[in-house]
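The values are calculated or read from the model by the stated rules, or taken from the named source; none is laboratory data. Only a predicted model underlies this, so the values are computations on that prediction, with no experimental measurement involved. Cβ placement follows ideal geometry from the backbone for every residue including glycine, while neighbour counts extend to all protein chains displayed. What goes into the accessible areas is simple: the full protein's heavy atoms, side chains included, and nothing from ligands, DNA or RNA. Shrake-Rupley method; radii C 1.70, N 1.55, O 1.52, S 1.80 Å.
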Amino acid sequence: MKSLLETILQARRRDGDAVGGDDLGGGLVTERRTREQTKTKKPRLYKCILLNDDYTPMEFVVEILKQIFHKPHAEATRIMLHVHQNGMGVAGVYPYEIAETKIRTVEELARENQFPLKCVMEKE
Ligand code: TYC
């Protein structure tokens, strides 16, 4: 017949409790299991999308892409031309708060220079 201790241990395992190490009596200390959750949850990502306009100079947009979005010169030029020709384009993809900060920085720099450049966020 199953011992009372084994019944308790089985119930605790079923319920996902730590087993062993507790004062269960009987001097049986077998193992300690803790509910571990590997903390590697992926953050949701957001695209920073540059919008075209008729007034912001191409060189200014290329500088933004290099300095704020860390694109090499050739890629910055390619993205700027894509936005110029297609109306919008992805400058970069980041977790929410980083995307938000970059968008704010872009619009601050644009405003300081009196350009209407806009950058918006979109869920990946
Ligand atoms: N269309 C602008 C021009 O002809 C250049 C430009 C490109 C502006 C990309 C904004 O996000 C932009 N000067």
Exposure of GLU100 as accessible area (Å², to 10), given a probe of 1.4 Å and all protein chains: 60
Contact order normalised by residue count of region 42-102, Cα under 8 Å, 6+ apart, percent: 53
Integer Hz, Karplus 6.51/-1.76/1.60 couplings in order for region 84-101, x for Gly and Pro: 4, 8, 10, x, 7, x, 7, 8, x, 10, 8, x, 3, 5, 6, 4, 4, 5
Label-point separation in nm, GLU124 to LYS39, each point 7 Å along Cα→Cβ: 2.1
5 angstrom amide H check on MET88, placed H, neighbours 5+ away: ASN52
PHE115, PHE69, PHE60, ranked by accessible area, largest first (probe 1.4 Å): PHE115, PHE60, PHE69
Solvent-accessible surface (1.4 angstrom probe) belonging to THR40, in square angstrom, nearest 10: 100
In Å², nearest 10: area of THR77 left accessible to a 1.4 Å probe: 40
